[in-house]
1. Are any residues in the range 57-74 modelled with pLDDT of 90 or more and more than 21 Å from L14 (Cα to Cα), and if so, which ones?
2. Which number in (1) touching a residue at least 24 places away in the same chain (Cβ under 8 Å); (2) at negative phi; (3) out of contact with any helix residue (DSSP H, G or I) (no Cβ under 7 Å at 6 or more places or on another chain) marks the one condition that P153 misses?
3. Return the pair list, or none, for Cβ contacts closer than 9 Å from residues in the range 13-26 that are assigned to a loop (DSSP other than H, G, I, E, B) to residues that are surrounded by 17 or more Cβ atoms within 10 Å (Cβ to Cβ) and of a type in the set (G, A, S), at least 6 apart or on different chains.
4. Name the single residue that is farthest from R6 (Cα to Cα) among those in the range 112-145 being among the charged types (D, E, K, R) and over 15 Å from the mean Cα position of the chain (by Cα).
5. Residues that are free of Cβ contacts under 8 Å to residues at least 40 places away in the same chain, closer than 20 Å to V25 by Cβ and of a type outside the set (G, A, S): list the strands (runs of 3 or more DSSP E) wholly contained in the range 42-145 that include at least 1 such residues.
6. What is the residue count in the range 99-111 for residues that are surrounded by 11 or more Cβ atoms within 10 Å (Cβ to Cβ) and either more than 14 Å from the chain's Cα centre (by Cα) or of a type outside the set (V, I, T) (or both)?
7. State all residues of the range 119-161 that are out of contact with any strand residue (DSSP E or B) (no Cβ under 8 Å at 6 or more places or on another chain) and under 16 Å from P45 (Cα atoms); if no residue qualifies, say none.
8. Mind checking which residues of the range 1-32 are out of contact with any Phe, Trp or Tyr (no Cβ under 8 Å at 6 or more places or on another chain) and of a type in the set (S, T, N, Q)?
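The values are calculated or read from the model by the stated rules, or taken from the named source; none is laboratory data. In this text, all values refer to a predicted model and were calculated from it rather than measured experimentally. All Cβ positions, even for glycine, are placed from backbone atoms using ideal geometry, and neighbour counts span all protein chains on display.
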Amino acid sequence: MSHVDRIARIRIQLDDWQPAIWRRVEVPLTATLKALHDVIQAAMPFDDYHLFEFRADGKRYAIPDPEWDSMRDRTLSAKTMRLGTLIDRGVKELAYTYDFGDDWRHTVTIEAVADADPAVEYPRYIEGAGRAPPEDVGGVPGFELFLDAIADPKHEQHRELKRWHGRPFDPERAAEDEILTRIGKLAKRHVLGKAGFAKSRSQSR
C-alpha cells in the first residue's frame, strides 16, 4: 500500500510518571523515525540536546555510531526506516528513549491510520496534557525534586532551581504555544520537501 498522502495518529506518553504527560499528533506515513523523533522533541517539548533511540519489532533504531554499536545490539538507522514500513509490518507500539542520562522513556502508540486531509499541513499537533521535564533535570528523581522546590518558596532549593530553570514552569500546562510553533516549522519543512521531491521527479521524466 502506498504511504503517500496517508497519516498516522500517534499518542506519545512519558513512562513512569503520574499524572500522565502525553501528546497526540498526526504524522505522515512517509516520515522516517528521525523525523518522528523531531516531532516528539517539538511536541513534548524537549530541546534535542541528547541522543535518542526507538525500539520496535525487536530492533533498535537510532543514529548509528560504529564505536558504540556491538554485534549483539546492532543499531539500524532512524534516518532510513519509515514509519509506514513498520506499520505495514504490524508494529502498533514503539518504545522511544531520549537522553540516556536522564533516561526519558516514552510509549509511542499508533492509534489509527487514515487518508491525509489535503487542506492540512503535517505533522499536526492535536492535543496533550502536562508539561514535559526540563532538560538535564536529573531524570524522574530530579524532576520530582524540581517540582517540589519550585512549588514551595520555603524549600531550601527553591531559589536555586528557579534561577537554574530561568523561566516560569507550570507542570499542568503543555506549553501549547511553543508546541504549535515548533510543529508548524516541521510542517513547513515537510511541505517544502514534498514540493522539491515532486519537482525533481517531474524534471527527471
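1. Listed by number, the list holds a single entry, I63.
2. Evaluating P153 over (1) touching a residue at least 24 places away in the same chain (Cβ under 8 Å); (2) at negative phi; (3) out of contact with any helix residue (DSSP H, G or I) (no Cβ under 7 Å at 6 or more places or on another chain) leaves (1) as the failure.
3. Close Cβ pairs (under 9 Å, with a partner that is surrounded by 17 or more Cβ atoms within 10 Å (Cβ to Cβ) and of a type in the set (G, A, S)) amount to W17/G130; P19/G130; A20/G130; I21/G128; I21/G130; I21/A132; I21/A174.
4. Ranking the qualifying residues of the range 112-145, first place goes to E144.
5. Passing ranges, in order: 59-62, 93-98.
6. 8
7. R131, P134, E135, D136, V137, F143
8. Listed by number, the residues that qualify are S2, Q18, T30, T32.
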